[in-house]
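Here's the structure, in structure tokens; my notes come after.
The values are calculated or read from the model by the stated rules, or taken from the named source; none is laboratory data. A quick note: this is a predicted structure, and the numbers were derived from the prediction, not measured. Reconstructed Cβ throughout: ideal geometry from the backbone, glycine too, with neighbour counts over all protein chains shown.
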Amino acid sequence: MQAKRRLAKIFAVLSSCSLTLGLLLFLTACGGSTTTTGSSGGGKSASDIHVGFVSETSSLNFAAEMAAGAQYAANQFHVNAQIVAPPNIDDEAAVKLFQDLTRTATDGIAVETLAPNLFVRPEAQAIKAGIPIIAVDTIADPSTGITTYVGNDNVAAGAMLADEAIKHLPANASGTVIVGIDTPGVPVLVYRFQGIQQEFHKLLPNVQVLGPFDSKQEPQANYNAWTSLIRAHPNALAYLGVGDADNASLARIKQAQHGTYLTAAFDLNPTGLQAVQNGVNFALVDPEHFLKGYVAMRLLIEHAMHGTAIPKGWWNPGAQLVTQANVQAIIARQATLETKGAYYQPIIDREFANPAAQIKPYDQAK
């Protein structure tokens, strides 16, 4: 027991020191109001509620969007929210941040990670201690005891990108499509690849989808990986990424090479949006990360404030295709937290009007 207490103190010191190195941390109490459904306890005032959100990194768009959604929910309900992430991808640091949150965000924590295996034991310990935990974007191991997951249908999202690529190809097209995955083995990203592969097989059977190849997480490594992939497969019809950094890398390479091939990927980093606006990348898929962060945070807040039961299962907030037809509206939406909130509020109201309709069994998440 003494060893555990010493270890907890070490984690607390490490977490405190990491703030000076660029850790994203907000403590917020501002915003509006909302409605709830049912109650089974709760009853805390907003000032007494302490919730948290930990994500993969503060340096990449996908994680920043989820953090923004969580922040917007905290603002609406006037609660104290600790929203944290390592400045760069560092899964062990993220675990330490989570463990630190379990001592302060005792009303619930939402977790987004690309390394769920590292969180199994600390998440299970938190749940045993009575802290509600919600998995976001990446499915948690069932052994944690987590019963709520907020994330996309990633097979459908991959098919969405494939369908748009197919529209830009001849009806009798043949050749290859190269797909990169920036974090090999992460299930949600593998599902996106499967969606792409299945859709091409169904609609353009003479096109062979190759991959998924490791396109690396960090921007420069991602650029180098795609440069090598395009050099190794110079005659491919399209190069598609399932992650964040892929958008910018593919656009840069295509412009430099004056390529006539198709390029596209996922997520909303500014370079990727600009590439769609300029017609360099034909599209991107927005996995609605903002909504995921918002939904998870709101479920935790309503549980603490009103006793609203946290629904068990998989809440899918949907995904959106971004093309030249709607990219200007998306760029305008992304300007500030307020513009994002205004855009998403009708969607939020619709989904929370009937939460049960959003839920599928946990084991069906993909």
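For (1) touching a helix residue (DSSP H, G or I) at 6+ places or on another chain (Cβ under 7 Å); (2) surrounded by 24 or more Cβ atoms within 10 Å (Cβ to Cβ); (3) in the same structural domain as LEU97 (by TED's automatic domain parsing); (4) closer than 20 Å to GLY341 by Cα, each residue gets a yes or a no:
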position: GLY43; (1), (2), (3), (4): no, no, yes, no
position: HIS50; (1), (2), (3), (4): no, no, yes, no
position: HIS78; (1), (2), (3), (4): yes, no, yes, yes
position: ILE83; (1), (2), (3), (4): yes, yes, yes, yes
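Which one is surrounded by the most Cβ atoms within 10 Å (Cβ to Cβ), of the residues in the stretch 216-225 that are assigned to a helix (DSSP H, G or I) and not aliphatic (A, V, I, L, M)?
This residue is ASN222.
Can you pull out every residue in the stretch 226-253 that is under 15 Å from PHE193 (Cβ atoms), among the aliphatic types (A, V, I, L, M) and assigned to a helix (DSSP H, G or I)?
Listed by number, the list holds a single entry, LEU229.
Among the listed residues THR271, THR308, THR263, identify the single one that is surrounded by fewer than 23 Cβ atoms within 10 Å (Cβ to Cβ), in contact (Cβ under 8 Å) with a residue 24 or more places away in the chain, outside any loop (DSSP other than H, G, I, E, B) and more than 16 Å from the chain's Cα centre (by Cα).
Just a single option satisfies the conditions, and that option is THR271.
Would you pick out the residues in the stretch 110-141 that are among the aliphatic types (A, V, I, L, M), surrounded by 24 or more Cβ atoms within 10 Å (Cβ to Cβ) and under 21 Å from ALA74 (Cβ atoms)?
ALA110, VAL111, ALA126, ILE133, ILE134, ALA135, VAL136
Checking the conditions here, which among PRO270, PRO187 is assigned by TED's automatic domain parsing to the domain that holds LEU161 and within 15 Å of ASN154 (Cα to Cα)?
PRO187
Starting from residues that are at pLDDT 95 or above and of a type in the set (Ser, Thr, Tyr), keep the ones in the stretch 261-306 and report whichever is farthest from GLY180 (Cα to Cα).
Taking the candidates together, the pick is TYR294.
Of everything in the stretch 248-258 that's in contact (Cβ under 8 Å) with a residue 24 or more places away in the chain and over 15 Å from THR183 (Cβ atoms), which residue is surrounded by the most Cβ atoms within 10 Å (Cβ to Cβ)?
Per the stated criteria, the residue is LEU250.
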